[in-house]
1. Of all the helices (runs of 4 or more DSSP H) wholly in the range 111-155, which have at least 3 residues that are at pLDDT 95 or above and within 19 Å of Tyr21 (Cβ to Cβ)?
2. Name the single residue that is nearest to Lys71 (Cα to Cα) among those in the range 1-57 being surrounded by fewer than 17 Cβ atoms within 10 Å (Cβ to Cβ) and small (Gly, Ala, Ser).
3. Quick check: is even one residue across the range 127-136 among the β-branched types (Val, Ile, Thr), within 19 Å of Leu31 (Cα to Cα), touching a strand residue (DSSP E or B) at 6+ places or on another chain (Cβ under 7 Å) and without any contact (Cβ under 8 Å) to a residue 40 or more places away in the chain?
4. Within the bounds of the range 32-42, is there any residue that is under 26 Å from Lys150 (Cα atoms), at pLDDT 95 or above and in a loop (DSSP other than H, G, I, E, B)?
5. Looking at Lys82 and the list (1) out of contact with any Gly (no Cβ under 7 Å at 6 or more places or on another chain); (2) part of a helix (DSSP H, G or I); (3) free of Cβ contacts under 8 Å to residues at least 60 places away in the same chain; (4) not polar (S, T, N, Q), which single condition is not satisfied?
6. May I ask you to verify whether Ala87 is surrounded by 14 or more Cβ atoms within 10 Å (Cβ to Cβ) and either of a type in the set (Lys, Arg) or touching a Ser or Thr at 6+ places or on another chain (Cβ under 7 Å) (or both)?
7. Filtering the range 6-31 down to residues that are under 16 Å from Thr93 (Cα atoms) and assigned to a loop (DSSP other than H, G, I, E, B), which residue is modelled with the lowest pLDDT?
8. Looking at the structure I just gave you, is Leu66 surrounded by 14 or more Cβ atoms within 10 Å (Cβ to Cβ), outside any helix (DSSP H, G or I) and touching a residue at least 60 places away in the same chain (Cβ under 8 Å)?
Amino acid sequence: MLEFDIPGREKLVVENLCLDYNGTIANNGELIEGVKEKILMLKDKVNIYVLTADTYHTVEKQCEGLGITVKTFDKAGAAICKEEIIASLGERTVAFGNGFNDIQMFNKAALSVAVVEKEGICAKLIQHADIVVNSILDAFDLLLNSNRLKATLRN
């Protein structure tokens with residue numbers, strides 16, 4: 001579990017981290033360099049879930065040996081599936097994503113981080129994000145360095 005004391009806000013307690021796959025932690029179906037290392041740094045502190053329609057059919061192999069949960073589902077119902085997973089995990093969940101099908105997931109998460117990587121970002125998602133970052137590594141660092149969240153979210 002991670003805890004963040006953010007001035008002017010309630011304490012943020014994080015038990016779960018839900019990651020969109022393609023466009024967020026992977027480009028063209030391959031994990032972005034440095035992602036494995038960041039996941040390994042966080043996995044003993046929070047439960048990590050990768051949520052994906054697995055467009056490239058690579059997620060299982062790419063995440064093999066990381067000790068995290070991978071949840072795949074049909075492309076047509078991705079947004080609803082992601083929303084239901086976040087709802088089932090509860091309010092102590094953070095979500096990272098970049099696509100239109102992440103909007104409903106962001107609305108359920110305690111903290112949502114929109115990630116701009118090589119595959120771009122859905123402009124509509126930004127309206128539902130608490131934070132927007134320029135890379136997935138920056139997103140992970142928000143959780144690994146509590147002062148970054150304080151600086152960005154303080155009231």
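The values are calculated or read from the model by the stated rules, or taken from the named source; none is laboratory data. Note that the structure is a prediction, hence the values are computed from the model and not measured. Please note: Cβ atoms are built from the backbone with ideal geometry, for glycine as well, and neighbour counts cover all protein chains shown.
1. Working: elements: 123-126, 136-144, 146-153.
Hits in the range 111-155: 136-144.
2. Gly29
3. Filtering the range 127-136 for residues among the β-branched types (Val, Ile, Thr) gives 131-133, 136.
Add one more test, that the residue is within 19 Å of Leu31 (Cα to Cα), and what stays is 133, 136.
With the extra rule that they be touching a strand residue (DSSP E or B) at 6+ places or on another chain (Cβ under 7 Å), the set shrinks to 133, 136.
If we keep only those that are without any contact (Cβ under 8 Å) to a residue 40 or more places away in the chain as well, we get 133.
Yes, some residue in the range 127-136 is among the β-branched types (Val, Ile, Thr), within 19 Å of Leu31 (Cα to Cα), touching a strand residue (DSSP E or B) at 6+ places or on another chain (Cβ under 7 Å) and without any contact (Cβ under 8 Å) to a residue 40 or more places away in the chain.
4. Filtering the range 32-42 down to residues under 26 Å from Lys150 (Cα atoms) leaves 34-42.
Within this subset, residues satisfying the condition of being at pLDDT 95 or above are 34-42.
Of the ones still in play, those that are also in a loop (DSSP other than H, G, I, E, B) are 34.
Yes - at least one qualifying residue is present in the range 32-42.
5. In the conditions (1) out of contact with any Gly (no Cβ under 7 Å at 6 or more places or on another chain); (2) part of a helix (DSSP H, G or I); (3) free of Cβ contacts under 8 Å to residues at least 60 places away in the same chain; (4) not polar (S, T, N, Q), Lys82 misses (3) alone.
6. Numbers: surrounded by 14 or more Cβ atoms within 10 Å (Cβ to Cβ): yes; either of a type in the set (Lys, Arg) or touching a Ser or Thr at 6+ places or on another chain (Cβ under 7 Å) (or both): no.
So Ala87 does not fit the description; no.
7. Filtering the range 6-31 for residues under 16 Å from Thr93 (Cα atoms) gives 10-20.
Now restrict to residues that are assigned to a loop (DSSP other than H, G, I, E, B): 10-11, 15.
On the way: Glu10: 89, Lys11: 93, Glu15: 98.
Going through the qualifying residues, I end up with Glu10.
8. Details: surrounded by 14 or more Cβ atoms within 10 Å (Cβ to Cβ): yes; outside any helix (DSSP H, G or I): yes; touching a residue at least 60 places away in the same chain (Cβ under 8 Å): no.
Considered against the rule, which asks whether it is surrounded by 14 or more Cβ atoms within 10 Å (Cβ to Cβ), outside any helix (DSSP H, G or I) and touching a residue at least 60 places away in the same chain (Cβ under 8 Å), Leu66 comes out as no.
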